[in-house]
Amino acid sequence: MGLVTSVRDYINRMLQDISGMKVLILDPETVSNVSIVYSQSELLQKEVFLVEMIDSISASNESMSHLKAVYLVRPTSENVQKLRYQLANPRFGEYHLFFSNLLKDTQIHILADSDEHEVVQQVQEFYADFVAGDPYHFTLNMASNHLYMLPAVVDPSGLQRYSDRVVDGIAAVFLALKRRPVIRYQRTSDTAKRIAQETAKLMYQQESGLFDFRRTESSPLLLVIDRRDDPVTPLLNQWTYQAMVHELIGLQDNKVDLRAIGSLPKDQQVEVVLSSEQDAFFKSNMYENFGDIGMNIKRMVDDFQQVAKSNQNIQTVEDMARFVDNYPEYKKMQGNVSKHVTLVTEMSKLVEARKLMLVSQTEQDLACNGGQGAAYEAVTDLLNNESVSDIDRLRLVMLYALRYEKENPVQLMQLFNKLASRSPKYKQGLVQFLLKQAGVEKRTGDLFGNRDLLNIARNMARGLKGVENVYTQHQPLLFQTMESITRGRLRDVDYPFVGDHFQQGRPQEVVIFMVGGTTYEESRCVALQNSTNSGIRFILGGTAVLNSKRFLMDLEEAQRISRSGSHMV
Amino acid sequence: MATRNRTTVYRKHRDACKSARAPLSDSFGGPVIEMVSGSFARSNHSSYAPLSTNDPGPSSSDDAFTIGLPPAWVDDSEEITFNIQKVRDKMGELAKAHSKALMPTFGDNRGDQRVVEMLTHEITDLLRKSEKRLHNLSTRGGPSQESNLRKNVQRSLATDLQSLSMELRRKQSTYLKRLQQQKEGQDGVDLEFNMNGKMSRLDEDEELGGMTVKLKEGQHVSAEREREIQQVLGSVNDLAQIMKDLSALVIDQGTIVDRIDYNIQNVSSSVEEGYKQLQKAERTQREGAMVKCATILLILCLIMIVLLILKNVLF
């Protein structure tokens, strides 16, 4: 069962037993959780005629006692305080409280204390505490994502909050799946270790009754890894539909905000929805590369033009009747076609303006193929090229630095200087900071396929065979990790078990949580792996969904804090 | 899909808190009786008070929580829901009537056709009435939670009405098609039957005469069929009109307008916009030319009065 179905089931169950007109009250986080899986028209069918945020309930004094209030909020102390006030001054006839994670007993006491009018009919925990964008990909949309890069001493309370939120999210996922996993973590990451240990404590000690599910033959596996083990994937430019939209424009909760581009005519749609559940064309094209998408869109436009022409050819009354019958379908098709055409047009413009085909070729070479000298030449050329934007220059230098960190330090230094001179907004030392965080000493996995003899051989074979598409030749490190799990060869040395956990044989369900964020390229990898029917179902989750802009922002923020910290010392 | 019910724990605490509060007010005597009677009233739902949308609400009484009657527009929406249910029932009947009317019979099935016509008219009337009522749900005035609620109720009912109209249209068009097939078939059958039946007769004149009579009868039947088809077409056009009106209200599924978070954002932003417009309007009014003229006139009047007084005093 996918994650989208789980959250939808929670919402259905929440609403089905309550009859009459309802108002659904959400907080800023559950709004994303609900909006991404449930549409407004479906809510209307369930007689939910009003949706409000928990803040705006207190702001108004209108009494609507003919409505029943259904709350779906996170059990944070702020929400409990707001609820206290709202229960003491009730505006609605009945109150049904659903919390998206575990409630503490003290919170229940506080709520019960303020419910003088006894309007609360039920208090339940429905664990929909994650954003399920695709069936096998979830995110927690966390704001201060950069904290995982900093040592604990810098901001202990912030890191504790970060870790708590992650543990809550992972717990919610497993409660929704009704499983209790065996937990492994990446040895080299302190944050991953901490999160793994706290999750184990929650599932096996603090709430062991709640997590005591029916045992299947093999326990599922939770693997907590760190983004810094694969810093290459978020830095690369993407060429498959979903990943490309996120990289070039930005995809938030399956919505695209075209205002960021700023070149649209006034009457065009400013925000569009890209959801694989609701859009059949997107579902079949989200993992295709740019060239194939272009062809498929052209086909879709041709089909649509056929329909439009036949619609204009109305001669008999029968034709008229048929036109009115098919009008909703026609309108929907028109909206869909215009949406995809707009997106692809905008992305083509950006590719053209930023010379991304040139830049991306070099990026892919840096990520996949060898040859330090040639790489240096290519990067220098692009740094000198005027039409390459600052962020692309930064990415190229970073990729080069990650790959050739130890080879030819002189040339590396030259690249740093050139970058600093070319990009006025470049924050000094950002590349060095990245190397300190995610350099070759810090990484566990074989990112460039040049450590393990087997990997080197594989790379050579691939180079000889040639690749289908130069722009999509990169495989994220996650692919190798998943292969190791499938073969049962994930090394204990690199990914130890928590406590005295142990796994017999291969797991059948694996949840991989990446602290620091996932990318759509990795979610594509997981979806393709799942479709090969290897007997193992993979689910991927992270603290955020990264594109290169977001990853660089987190790096800059972490660098700023660590600098100010070192000044204080 | 795991869930955990905390209601029992919650209720236990709530009762504990209530009993902790009650002995405190024992020393005052009066409030205890009020609270008891309040809870009694609540359990009997006996404290009803008609509530309009602009009422400040139960903030005045803090002992018994009065449950108010819903506002007037809820009656409209309930009536529309009731109509929709009636339409659904009638559609079932109509399907049966259609199949009966289409069955090939020897006599003319005018009775069945009347039934079909009547049912179709009733359903179209119900739909039209419901649609008019639907417009009553539209709100005037600025955006507020209540108006949002009404808009959403309106949307949901519009979606239901639209799907019902479409179903009716589809049923009617299949009925039409089948009728037309039958019409052609029947004329053909008539002629064939005549050919076969009368061929045995040797009298050609009689045969011809018989055939002309049959032809005329056949024409009469087809003229009637034409009329019926026109009537059905008429109701199809009516429905098309209703659908056009409704489609303005219905949400397109899968678009940005169908997203919950988009709708929440829009409400807050439109409220802000409205507030800004109000402020601007206030400012323009204050700085308006009219206001300036009025002020100048007032000052001039005052000066004249002062001069008048001075004139009287001095002279």
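The values are calculated or read from the model by the stated rules, or taken from the named source; none is laboratory data. These numbers come from a predicted model, not from an experiment. Cβ sites come from the backbone with ideal geometry, for glycine too, and all protein chains shown count toward neighbours.
For the structure I just gave you, tell me whether residue A:42 is within 8 Å of chain B (Cβ to nearest Cβ), out of contact with any Gly (no Cβ under 6 Å at 6 or more places or on another chain) and among the charged types (D, E, K, R).
When the stated conditions are applied, residue A:42 does not pass them.
Output the residue which, of all residues in region A:131-167 that are more than 14 Å from chain B (Cβ to nearest Cβ) and among the small types (Gly, Ala, Ser), is surrounded by the fewest Cβ atoms within 10 Å (Cβ to Cβ).
A:157
Considering only residues of region A:482-498 that are aliphatic (A, V, I, L, M) and in a loop (DSSP other than H, G, I, E, B), which is nearest to residue A:527 (Cα to Cα)?
Pass one, region A:482-498, residues aliphatic (A, V, I, L, M): A:482, A:485, A:490, A:493, A:498.
Next, from what is left, pick out any that are in a loop (DSSP other than H, G, I, E, B): A:490, A:493, A:498.
Values: A:490: 20, A:493: 28, A:498: 27 Å.
Per the stated criteria, the residue is A:490.
Name every residue in region A:325-370 that is within 14 Å of another protein chain (Cβ to nearest Cβ), more than 25 Å from the chain's Cα centre (by Cα) and not hydroxyl-bearing (Ser, Thr, Tyr), in order of residue number.
Initially, region A:325-370 is screened for residues within 14 Å of another protein chain (Cβ to nearest Cβ), giving A:325-340, A:342-343.
Checking the rest, the ones that are also more than 25 Å from the chain's Cα centre (by Cα) come to A:325-335, A:337-338.
Once the filter is applied, which keeps residues that are within 14 Å of another protein chain (Cβ to nearest Cβ), more than 25 Å from the chain's Cα centre (by Cα) and not hydroxyl-bearing (Ser, Thr, Tyr), region A:325-370 yields A:325, A:326, A:328, A:329, A:331, A:332, A:333, A:334, A:335, A:337.
Can you find a residue that is closer than 14 Å to residue A:97 by Cα, of a type in the set (Ser, Thr, Tyr) and more than 7 Å from chain B (Cβ to nearest Cβ) anywhere in region A:56-78?
Scanning region A:56-78 turns up at least one residue that is closer than 14 Å to residue A:97 by Cα, of a type in the set (Ser, Thr, Tyr) and more than 7 Å from chain B (Cβ to nearest Cβ).
Please find, within region A:302-319, the residue that is surrounded by the most Cβ atoms within 10 Å (Cβ to Cβ) out of those that are hydrophobic (A, V, I, L, M, F, W, C) and assigned to a helix (DSSP H, G or I). Even if it seems obvious, please write down each step before you answer.
Keep residues of region A:302-319 that are hydrophobic (A, V, I, L, M, F, W, C), which gives A:304, A:307-308, A:314, A:317.
Now narrow it down to the ones that are assigned to a helix (DSSP H, G or I): A:304, A:307-308, A:317.
Numbers: A:304: 17, A:307: 13, A:308: 14, A:317: 14.
For region A:302-319, the residue satisfying everything is A:304.
For (1) without any contact (Cβ under 8 Å) to a residue 12 or more places away in the chain; (2) surrounded by fewer than 21 Cβ atoms within 10 Å (Cβ to Cβ); (3) under 21 Å from residue A:147 (Cα atoms); (4) not assigned by the TED database to the domain that holds residue A:512, each residue gets a yes or a no:
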position: A:189; (1), (2), (3), (4): no, no, yes, no
position: A:196; (1), (2), (3), (4): no, no, yes, no
position: A:208; (1), (2), (3), (4): yes, yes, no, no
position: A:212; (1), (2), (3), (4): no, yes, no, no
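Looking for whichever is surrounded by fewer than 20 Cβ atoms within 10 Å (Cβ to Cβ), hydrophobic (A, V, I, L, M, F, W, C) and touching a residue at least 60 places away in the same chain (Cβ under 8 Å) here; the options are A:416, A:433, A:448. Which one fits?
A:433
In region A:147-163, what count of residues is obtained for those that are in contact with a helix residue (DSSP H, G or I) (Cβ under 7 Å, 6 or more places away or on another chain) and of a type outside the set (Phe, Trp, Tyr)?
Initially, region A:147-163 is screened for residues in contact with a helix residue (DSSP H, G or I) (Cβ under 7 Å, 6 or more places away or on another chain), giving A:147-150, A:152, A:154-155, A:158-159, A:162-163.
Of the ones still in play, those that are also of a type outside the set (Phe, Trp, Tyr) are A:147, A:149-150, A:152, A:154-155, A:158-159, A:163.
Going through region A:147-163 one residue at a time, the tally reaches 9.
Quick one: residue B:40 ticks every box in (1) loosely packed, with under 14 Cβ neighbours inside 10 Å; (2) more than 9 Å from chain A (Cβ to nearest Cβ); (3) at pLDDT 50 or above bar one, so which box is it?
So the condition that residue B:40 fails would be (3).
Return the pair list, or none, for Cβ contacts closer than 6 Å from residues in region A:333-346 that are more than 11 Å from residue A:256 (Cβ to Cβ) to residues that are not in a helix (DSSP H, G or I), at least 6 apart or on different chains.
A:335/B:255
Within region A:398-413, how many residues turn out to be surrounded by fewer than 16 Cβ atoms within 10 Å (Cβ to Cβ) and part of a helix (DSSP H, G or I)?
3
Scanning region B:73-104 for residues that are crowded, with 19+ Cβ neighbours inside 10 Å and among the small types (Gly, Ala, Ser), which turns out nearest to residue B:152 (Cα to Cα)?
Applying the filter and picking the extreme gives B:77.
Which condition from (1) part of a loop (DSSP other than H, G, I, E, B); (2) polar (S, T, N, Q); (3) under 28 Å from residue B:7 (Cβ atoms); (4) away from chain B (no Cβ under 14 Å) is the one that residue A:101 breaks?
Residue A:101 satisfies every listed condition except (4).
Of the residues B:250, B:236, which single one is assigned to a loop (DSSP other than H, G, I, E, B), surrounded by 15 or more Cβ atoms within 10 Å (Cβ to Cβ) and within 14 Å of chain A (Cβ to nearest Cβ)?
That would be B:250, the only listed residue that is assigned to a loop (DSSP other than H, G, I, E, B), surrounded by 15 or more Cβ atoms within 10 Å (Cβ to Cβ) and within 14 Å of chain A (Cβ to nearest Cβ).
Does residue A:536 qualify as being over 24 Å from residue A:159 (Cα atoms) and not charged (D, E, K, R)?
Working: over 24 Å from residue A:159 (Cα atoms): yes; not charged (D, E, K, R): yes.
Here the answer is yes, as residue A:536 does meet what is asked.
Can you find a residue in region A:91-113 that is β-branched (Val, Ile, Thr) and closer than 25 Å to residue A:20 by Cα?
From region A:91-113, those β-branched (Val, Ile, Thr) are A:106, A:108, A:110; that's our starting set.
After this cut, where a residue has to be closer than 25 Å to residue A:20 by Cα as well, the list is none.
No: region A:91-113 contains no residue that is β-branched (Val, Ile, Thr) and closer than 25 Å to residue A:20 by Cα.
Just need a number here: residues in region A:1-55 that are without any contact (Cβ under 8 Å) to a residue 40 or more places away in the chain and not hydrophobic (A, V, I, L, M, F, W, C).
The total comes to 16.
Among the residues that make up region A:312-324, is at least one of them more than 30 Å from residue B:164 (Cα to Cα) and more than 14 Å from every other protein chain (Cβ to nearest Cβ)? Give the steps one after another, and end with the answer.
Filtering region A:312-324 down to residues more than 30 Å from residue B:164 (Cα to Cα) leaves none.
Within region A:312-324, none of the residues are more than 30 Å from residue B:164 (Cα to Cα) and more than 14 Å from every other protein chain (Cβ to nearest Cβ).
Within the group A:321, A:308, A:401, A:367, which residue is without any contact (Cβ under 8 Å) to a residue 60 or more places away in the chain, in contact with a Leu (Cβ under 7 Å, 6 or more places away or on another chain) and among the aliphatic types (A, V, I, L, M)?
A:401
So which residues in region A:108-130 are surrounded by 21 or more Cβ atoms within 10 Å (Cβ to Cβ) and either more than 8 Å from chain B (Cβ to nearest Cβ) or under 20 Å from residue A:31 (Cβ atoms) (or both)?
Within region A:108-130, A:125, A:126, A:127, A:128, A:129, A:130 meet the criteria.
So which residues in region A:339-384 are farther than 22 Å from residue A:249 by Cβ and acidic (Asp, Glu), if there are any at all?
If we filter region A:339-384 for residues that are farther than 22 Å from residue A:249 by Cβ, which is where we start, we get A:362, A:365-384.
Scanning region A:339-384 gives A:365, A:377, A:381.
Quick one: which of A:499, A:488 is touching a Lys or Arg at 6+ places or on another chain (Cβ under 6 Å), of a type outside the set (A, V, I, L, M) and either at pLDDT below 90 or closer than 20 Å to residue A:166 by Cβ (or both)?
So the residue among A:499, A:488 that is touching a Lys or Arg at 6+ places or on another chain (Cβ under 6 Å), of a type outside the set (A, V, I, L, M) and either at pLDDT below 90 or closer than 20 Å to residue A:166 by Cβ (or both) is A:488.
If you take the residues in region A:12-32 that are buried (at least 24 other Cβ atoms within 10 Å of the Cβ) and more than 10 Å from chain B (Cβ to nearest Cβ), which one is farthest from residue A:128 (Cα to Cα)?
Ranking the candidates gives A:25 first.
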